[in-house]
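The values are calculated or read from the model by the stated rules, or taken from the named source; none is laboratory data. Treat the numbers as computed from the prediction; the structure is a model and nothing was measured. In this analysis, Cβ positions are derived from the backbone assuming ideal geometry, glycine residues included, and neighbour counts consider all displayed protein chains.
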């Protein structure tokens with residue numbers, strides 16, 4: 001039986017546990033037995049009120065994440081789905097390349113980022129940060145304000161990952177989509193679809209890509 005795996009990635013205090021509590025409160029595990037694998041302990045704890053159909057297991061070292069361990073957990077807990085709260089200091093690629101059993105299907109990677117510390121992580125841990133962004137299916141930047149939204153959009157992260165849904169979650173609890181019409185990488189002014197050349201792309205976008213990105217493999 002195939003088991004869908006939902007990977008929640010992000011650095012410490014990026015909001016991973018709060019996000020997991022939120023989807024569990026919304027009924028994510030209401031009907032299906034769910035295994036929640038915790039690879040990192042932050043200040044916030046899982047809400048015990050929504051763990052009725054959820055079984056938790058803690059992993060301390062990345063080397064523990066082997067197909068043998070996952071098959072052991074599958075036999076022990078018989079989950080219909082798996083959530084992995086992933087350690088932000090670990091690369092994702094080793095997990096989806098070699099770590100999962102054949103019937104554990106990586107269904108979605110969700111990456112949460114604290115917008116207030118994003119620039120610091122890019123500067124000091126750029127490879128780790130950009131690997132997560134380039135592999136994510138959904139990106140959520142939280143704690144945004146007007147200044148941080150402008151900074152994030154100036155990087156045009158859509159050029160890094162074209163398939164991901166990207167959202168900006170504001171400090172007041174509202175959210176908005178990351179992409180605006182002005183950020184389109186296509187030229188529609190001539191009545192037909194044309195890629196913009198590097199000469200017409202905003203220079204800050206190009207410099208940001210060249211300065212901060214490495215060519216990562218994707219899982220597709």
Scan segment 166-185 residue by residue and report those that are modelled with pLDDT of 90 or more and either surrounded by 15 or more Cβ atoms within 10 Å (Cβ to Cβ) or in contact with a helix residue (DSSP H, G or I) (Cβ under 6 Å, 6 or more places away or on another chain) (or both). 166, 167, 168, 169, 170, 178
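Do we find that residue 107 is in contact with a strand residue (DSSP E or B) (Cβ under 6 Å, 6 or more places away or on another chain), surrounded by 14 or more Cβ atoms within 10 Å (Cβ to Cβ) and either in a strand (DSSP E or B) or at pLDDT 95 or above (or both) in this structure?
On the way: in contact with a strand residue (DSSP E or B) (Cβ under 6 Å, 6 or more places away or on another chain): yes; surrounded by 14 or more Cβ atoms within 10 Å (Cβ to Cβ): yes; either in a strand (DSSP E or B) or at pLDDT 95 or above (or both): yes.
Criteria met by residue 107.
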Qualifying position, being in contact (Cβ under 8 Å) with a residue 12 or more places away in the chain, more than 30 Å from residue 173 (Cβ to Cβ) and surrounded by 14 or more Cβ atoms within 10 Å (Cβ to Cβ), among 93, 85: 93
Qualifying residues in segment 144-160 (those that are surrounded by 17 or more Cβ atoms within 10 Å (Cβ to Cβ) and touching a residue at least 40 places away in the same chain (Cβ under 8 Å)) - the one nearest to the chain's Cα centre (by Cα): 160
Under 9 Å between Cβ atoms, at least 6 apart or on separate chains: pull out the pairs that start in segment 42-67 with a residue that is at pLDDT 90 or above and end on any residue that is assigned to a loop (DSSP other than H, G, I, E, B) and loosely packed, with under 11 Cβ neighbours inside 10 Å. 53/31; 67/102
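Sort through 58, 66 and tell me the only one that's farther than 26 Å from residue 175 by Cβ and touching a strand residue (DSSP E or B) at 6+ places or on another chain (Cβ under 8 Å).
On the way: 66 fails: touching a strand residue (DSSP E or B) at 6+ places or on another chain (Cβ under 8 Å).
On inspection, the qualifying residue turns out to be 58.
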